[in-house]
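Comments concern the structure below.
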Amino acid sequence: AQPQGFKNEGSTINFDDSLGLERQFEGIGGLSGGGATSKLLVNYPEIQRNEILDYLFKPNFGASLQILKVEIGGDSQSTDGTEASHMHNSNDENYERGYEWWLMLEAKKRNPNIKLYGLPWAFPGWIGQGTQNPYTNVSLTADYIIRWISGAKRMYNLTIDYIGIWNERNYNVAYIKTLRNALDLNGFQNVLIVASDGGWDIAHDILNDGQLANAVYAIGCHYPGTYDSQDAYNTGKSLWASEDYSTYNDEIGGGCWARILNQNYVNGYMSSTISWNLIGSYYYGLPFYRDGLMTAVEPWSGNYNVSTPIWITAHTTQFTSIGWRYLKHDSGVGKLPQGGSYVGLVSPDGTDLTIVIETMTHDHSICIRPGLPWYDVHPQLVTLNLKGSFARLTSMNVWYSKLGFNGQPDIMFQSLGQLKFVSGQAVLKLGLDEVYTLTTISTGQKGSYPVPPPSQPFPLPYLDDFEGYPLYQEPFNLAQQTGSYEVLSDGQTKFIRQMVLENPVAWCDSDLHNKSISVVGSYTWSDIFVEINFRIPTLNSTSGVFVAARVDQGGCDAFKAQGIYLYVLQSGAYQLSNDFARTKITQQGSVQISAGWHTLSLLVQGASALGALDGVILFNATIPTSPASGFAAIGTDSYGLADFDNLLLESAA
Ligand code: 147
């Protein structure tokens with residue numbers, strides 16, 4: 001008898017390699033950047049940091065990612081912060097900034113076969129030659145990108161496999177051809193161009209331009225909603241979801257990821273899908289909190305969270321490699337009769353078979369974008385029918401997940417042993433919100449580490465003197481939102497310097513206002529004491545510096561942030577402002593800032609604020625009570641150099 005609730009009589013799904021194979025599988029990846037999404041990971045205690053990296057990259061352990069995509073920093077806000085450029089200025093070159101080099105090394109250490117993909121969101125101002133257009137001088141921009149690729153090789157022996165154009169901004173055909181040419185001339189024939197990290201629209205140009213077609217290896221589309229375009233298909237190019245997911249990583253996030261990993265191929269022939277982001281390692285209070293494969297936001301406690309998408313990823317990555325081939329639509333790839341989908345993948349030598357089946361229901365698999373049209377899924381019996389060379393199989397290994405809703409626990413990536421096949425056939429009873437992997441591969445493993453340390457609030461008091469840092473590193477826990485801060489030494493002491501001198505070629509508006517800000521601590525802080533030493537150099541200097549509390553925004557809207565800001569300006573004034581833009585001044589007076597180090601202090605408590613310069617009180621004033629809470633911050637009144645040292649944060653609650 002048929003179990004209750006099962007609607008069909010058990011339809012048959014064929015997996016038949018005798019009808020031929022289809023596209024090459026090109027890997028599942030995670031994206032660090034776009035921007036500063038791995039910021040807080042760097043400062044984790046060694047033990048937990050290695051555990052996290054294992055969950056992401058170690059083969060046969062967790063997500064076992066096959067591609068790592070990283071931002072090529074552009075000194076500019078690119079979603080959750082700014083990432084440093086390797087060339088702040090045209091005469092500057094440095095490959096020790098930021099954390100993407102480190103991350104790529106850690107990924108390669110764990111999986112030498114992982115593919116690396118670099119993409120800029122923004123560019124330092126000089127690339128635009130006085131404009132906001134990075135294609136003003138296409139050779140200059142190509143040279144800038146080539147230097148990043150060469151730097152990776154020369155400094156770290158990292159081979160970059162794929163390179164992109166300009167994230168979600170217009171592409172330029174002349175630039176793409178120039179870049180291809182420059183890659184070839186510099187010995188980077190193997191670095192392949194993915195374009196354009198936007199929509200599918202470049203397909204039209206590729207169809208009409210043979211040279212462009214030769215220059216582009218794969219068409220990378222963002223948030224394709226599992227569908228390609230007719231033009232994209234007609235190019236015959238590899239099609240990638242080169243950025244996708246961006247969904248809160250709870251059960252629905254896992255459902256989204258499971259559905260698109262399969263259906264990007266089933267519906268759209270996409271052979272690679274890359275998650276924005278790799279790991280949500282940016283403060284609560286910044287945009288798109290927890291939209292990563294997992295979450296790690298507490299370097300001070302070591303607490304982290306291995307989220308559902310990690311195990312959903314494992315269902316495919318632990319049982320395939322780049323270079324496997326999909327079976328054809330209708331003979332191993334397709335939709336299930338009662339909803340859900342399946343993909344069959346075959347190893348290059350033809351002997352191994354991996355099948356991934358998902359039955360995500362509509363409401364439990366909604367991604368951030370685009371909208372998801374309604375569809376039905378019902379529990380169903382399916383007969384899997386192995387044909388062609390796979391008819392010989394008498395069993396397959398089974399891995400199972402079921403996302404838990406309505407109080408049900410998650411079952412994630414559980415080994416169910418072997419499913420027997422008789423005359424190539426086996427029956428599978430599929431429920432809702434499930435993922436099954438059936439595979440001839442026997443190396444699967446649900447990796448685990450001891451439960452991480454418990455969550456803790458940001459530790460106070462907090463003092464950072466930057467002495468322990470390698471040169472050029474970004475200060476830990478200070479999450480730069482505009483501008484670029486790095487550790488330098490003057491022989492006496494290490495300090496951090498804001499390095500950006502002019503508006504970058506921006507990805508979003510926030511850094512086109514000639515001001516820099518770096519936030520720290522907790523978005524929930526209300527009463528806090530913030531103090532820092534500062535020094536304004538004489539050359540290329542900023543017009544002033546500030547400390548702030550209750551900063552209520554970061555990301556692309558950073559410039560709009562409200563809060564309590566104490567500015568001291570080279571013009572000879574201090575100002576207490578209710579906004580970062582310094583348009584809501586509530587208190588001001590005169591101060592003179594001489595050369596050398598000074599101390600700037602701000603105590604914010606309820607409806608009052610106390611400010612001091614070099615220990616001399618400037619004001620004790622009533623302040624607006626909105627916003628009620630937010631980050632502590634430091635920053636500069638304009639782009640231009642400023643040095644900071646000995647950041648001190650103390651509770652005033
Ligand atoms: C993408 C960016 O490429 C990422 O850096 C990150 O900001 C991500 C967050 O979801 O979003 O940018 C998009 C922004 C808006 C849309 C698509 C992608 N949109 O509205 O369709």
> With respect to Ser510, is the statement that it is closer than 30 Å to Glu168 by Cβ, surrounded by 17 or more Cβ atoms within 10 Å (Cβ to Cβ) and in contact with a strand residue (DSSP E or B) (Cβ under 9 Å, 6 or more places away or on another chain) true?
Replying inline: yes
> Does Ile149 satisfy the condition of being among the β-branched types (Val, Ile, Thr), surrounded by 23 or more Cβ atoms within 10 Å (Cβ to Cβ) and either modelled with pLDDT of 95 or more or over 23 Å from the mean Cα position of the chain (by Cα) (or both)?
Replying inline: no
> Looking only at strands (runs of 3 or more DSSP E) that fall completely inside region 20-88, which ones have 3 or more residues that are farther than 23 Å from Ile312 by Cβ and of a type in the set (Asp, Glu)?
Replying inline: none
>> Suppose we filter Asp75, Asp80, Asp17, Asp54 for residues that are more than 21 Å from the chain's Cα centre (by Cα), of a type in the set (D, E, K, R) and modelled with pLDDT of 95 or more; which single one remains?
In response: Asp17
>> Criterion first (closer than 21 Å to Met294 by Cα and in contact (Cβ under 8 Å) with a residue 40 or more places away in the chain) does Phe495 satisfy it?
In response: no
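Of all the residues that make up region 360-381, how many are under 15 Å from Gly340 (Cβ atoms) and either more than 16 Å from the ligand (Cβ to nearest atom) or not aliphatic (A, V, I, L, M) (or both)?
14
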>> Show me the strands (runs of 3 or more DSSP E) found entirely inside region 541-647 where at least 2 residues are without any contact (Cβ under 8 Å) to a residue 24 or more places away in the chain.
In response: 573-579, 585-590, 608-613, 616-622
> Just to be sure, is Gln408 farther than 30 Å from Val356 by Cβ, modelled with pLDDT of 95 or more and out of contact with any Pro (no Cβ under 7 Å at 6 or more places or on another chain)?
Replying inline: no
>> Going residue by residue through region 103-121, is there one that turns out to be crowded, with 22+ Cβ neighbours inside 10 Å, at pLDDT 95 or above and of a type in the set (S, T, N, Q)?
In response: no
> When you look at Glu486, is it in contact with a Pro (Cβ under 9 Å, 6 or more places away or on another chain) and either free of Cβ contacts under 8 Å to residues at least 12 places away in the same chain or not in a strand (DSSP E or B) (or both), yes or no?
Replying inline: no
> If you take the residues in region 506-525 that are assigned to a strand (DSSP E or B) and more than 20 Å from the chain's Cα centre (by Cα), which one is nearest to Glu93 (Cα to Cα)?
Replying inline: Ser516
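The values are calculated or read from the model by the stated rules, or taken from the named source; none is laboratory data. In this text, all values refer to a predicted model and were calculated from it rather than measured experimentally. When we count neighbours, we look across all protein chains shown, and the Cβ atoms used for this are built from the backbone with ideal geometry, even at glycine.
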